[in-house]
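Structure first, commentary second.
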Amino acid sequence: MAVEAAVKPVVICLNRAGEAVAHRVADLLGANLHGREGRVDKADAFFPNALDHARDLFAAGVPVVGVCAAGILIRAVAPMLADKTNEPPVLAVSDDGAVVVPLLGGHRGANRLAREISDGLGGKAAVTTAGDVALGVALDEPPAGWVLANPENAKAAMTVLLQGGRAHVDGDEAPKAGWLKNLPAADPLGQEKVVDLICTTEPWPVAPPHLLYHPQRFVLGVGCARNCPPEELIRLVDDLLKESETAPKAIKCIATLDLKADEPAMHALAKHLDLPLRLFSAQELEAMTPRTENPSDVVFAEVGTHGVAENAALAAGGDDAFLGRPKVKTAMATAAMSFAPEPIPELRGCARGRLSIIGIGPGQASWRTPEASRLIQEASELVGYGLYIDLLGPLAAGKARSDFPLGGEEARCRYALEQAGKGANVALICSGDAGIYAMGALVFELLDRGPDEHGVSDAARRVEVVSTPGVSALQGAAARAGAPLGHDFCAISLSDLLTPRADILKRLKAAAEGDFVIAFYNPVSKKRRTLLAEARDILLQHRPADTPVMLASNLGRVDEHLRYRRLDELEVDEVDMLTVVLVGSSNSQLAKLGEGPRMYTPRGYARRIDGDLSVQAGGLK
């Protein structure tokens, strides 16, 4: 589905000399200000290292406006540069606000931001993009309400114009394209090369270097029965667009009733046309009924509005829109289109609610995936255990947050789902990997429960749920240790709050007999102190007393603490809830290397020992 809105920029400030300007820039953009610790007095959030912080924001797809030297930003993001079509804008602003330099993403918003900032500060936008400088307009960045249908031709078009060519603005929508009026116009009798700039709502074959622009004056309203085959809805809409000679890019959005938020056919259509899906309540749609042509009492009795397709098209089109294409239908689907007299600059209605289940790893930013950072940045609300949200540092700044205590896991997940059911973009923050002893399973359990099983509301069931992986505690501990998970391993939680004690003991015995490397989660708590000792005694029945054990506390944080013990010397009192316990198998080794001990478990493949070829773990020798 098409992305509906850009992520808000973040303004970063490195020193007090630029702090006043940084605050002015943040106010101009409605953005958060992030300041360097100890060097900036007031900010929405603080960071310790400028290079790491700018890099983290850039990796998450966040536009960065740095009130600092351009070289700092360049050094920060240079290792990550790969595809200019997907990189977020990066701008440098001088400490006095006199100069604003778009460094990256000129045609992805940076040039526009530079002009907006410089106008507000009374400075100069040092735009270096050739097209903007020479032509005064970015041909590949049309204003809101317009779409360039063939951006792949933009480079060729600007090359011709920069070499003295002329522009010929044509098409039935050309009178509305005032932003193109200052381009050098073509002389009918001239010999210059001409670039055609076609402005129309119709499909139009355009070869390089010519450009095709569509004003988004149409809205597609659709409805369907539950479990409508996606191909049926897509075929109906394709036929409607063909009959009306409408290009898909001339459509602002697809609009429908909010009850259809989870309908597969709707999302298949949105993906097919690469358009955003917008949702309206039955009450909002019913208000459009006096403007429609085909009201239905049957539909009203079913969903609370006298129409879906026509009503949704008008609701998303605005007060001045009219029903250009009344409802057409098949056995299970309906479609209609509204026309607006001018390009529609903004989306109306609500997006589908989204819940992102995010594992942030042990906590440090460098172990957090770029996808996790991006989803956090896009979210409007953060939900989770307060400590985990705190570990996000500047990424959490300026966002609504709902903190829940330990032990409130079901309430935490239920709240996150219900907020998403209201149309919000919610991030459920978990440590490690959200699917490993965390909230992922509980979210899906709540969604799977029936109405009589203390599940969630129908609105919550219709949200989009996204899961993103994180570095689990066992992976973090293993990386610090060396390679203890080099062969078969398992994870066992020693918490008997959700798992019966008898089941835990059964799994302990099976893992001990199977000679697995074991990662113990939730090893102890203030009230629960005996299971770890029982686990040690069970394991000692099946593996040597000197089996290496690693205790890893506060992984990835400033107070990280690692230590090794023999299995027979493992003491419960030096373990807490923030400790991961890794117990080796009978083959695990603790190597004494120059940089310190390293724990590893041989992979089991053939290796040479004293000149002989042997195989570990009982194999051929």
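The values are calculated or read from the model by the stated rules, or taken from the named source; none is laboratory data. What you see is a predicted model, and the numbers here were worked out from it, not measured in a lab. Reconstructed Cβ throughout: ideal geometry from the backbone, glycine too, with neighbour counts over all protein chains shown.
Being touching a Pro at 6+ places or on another chain (Cβ under 6 Å) and closer than 19 Å to Q364 by Cβ is the filter here, so list the residues in the range 547-578 that pass it. L555, G556 - these are the residues of the range 547-578 that are touching a Pro at 6+ places or on another chain (Cβ under 6 Å) and closer than 19 Å to Q364 by Cβ.
Just the residues that are under 41 Å from the mean Cα position of the chain (by Cα), outside any loop (DSSP other than H, G, I, E, B) and either over 20 Å from G596 (Cβ atoms) or in contact (Cβ under 8 Å) with a residue 40 or more places away in the chain (or both), please, taken from the range 533-557. If the condition is that a residue be under 41 Å from the mean Cα position of the chain (by Cα), outside any loop (DSSP other than H, G, I, E, B) and either over 20 Å from G596 (Cβ atoms) or in contact (Cβ under 8 Å) with a residue 40 or more places away in the chain (or both), then A535, P548, M550, A552 are the ones that fit. L269 - would you say it is of a type outside the set (D, E), within 12 Å of V222 (Cα to Cα) and in a strand (DSSP E or B)? Taking the combined requirement at face value, the residue does not satisfy it.
The criterion of being in contact with a Ser or Thr (Cβ under 6 Å, 6 or more places away or on another chain) and not in a loop (DSSP other than H, G, I, E, B) does not hold for V77. Of the strands (runs of 3 or more DSSP E) lying entirely inside the range 323-431, the ones with 2 or more residues being more than 19 Å from the chain's Cα centre (by Cα) and either farther than 18 Å from K8 by Cα or in contact (Cβ under 8 Å) with a residue 60 or more places away in the chain (or both) are found at 333-339, 400-404. Being under 30 Å from the mean Cα position of the chain (by Cα), surrounded by fewer than 16 Cβ atoms within 10 Å (Cβ to Cβ) and at pLDDT below 95 is the requirement here; does D452 meet it? No, not satisfied.
Within the option set L29, L57, being closer than 26 Å to L347 by Cβ, surrounded by fewer than 20 Cβ atoms within 10 Å (Cβ to Cβ) and touching a strand residue (DSSP E or B) at 6+ places or on another chain (Cβ under 9 Å) holds for one residue only, L29.
Counted as qualifying within the range 444-532 are the strands (runs of 3 or more DSSP E) with 1 or more residues that are of a type outside the set (D, E), outside the structural domain of A261 (by TED's automatic domain parsing) and under 30 Å from G353 (Cβ atoms), namely 464-468. The number of residues in the range 151-206 being more than 17 Å from D140 (Cβ to Cβ) and not in a strand (DSSP E or B) comes to 25.
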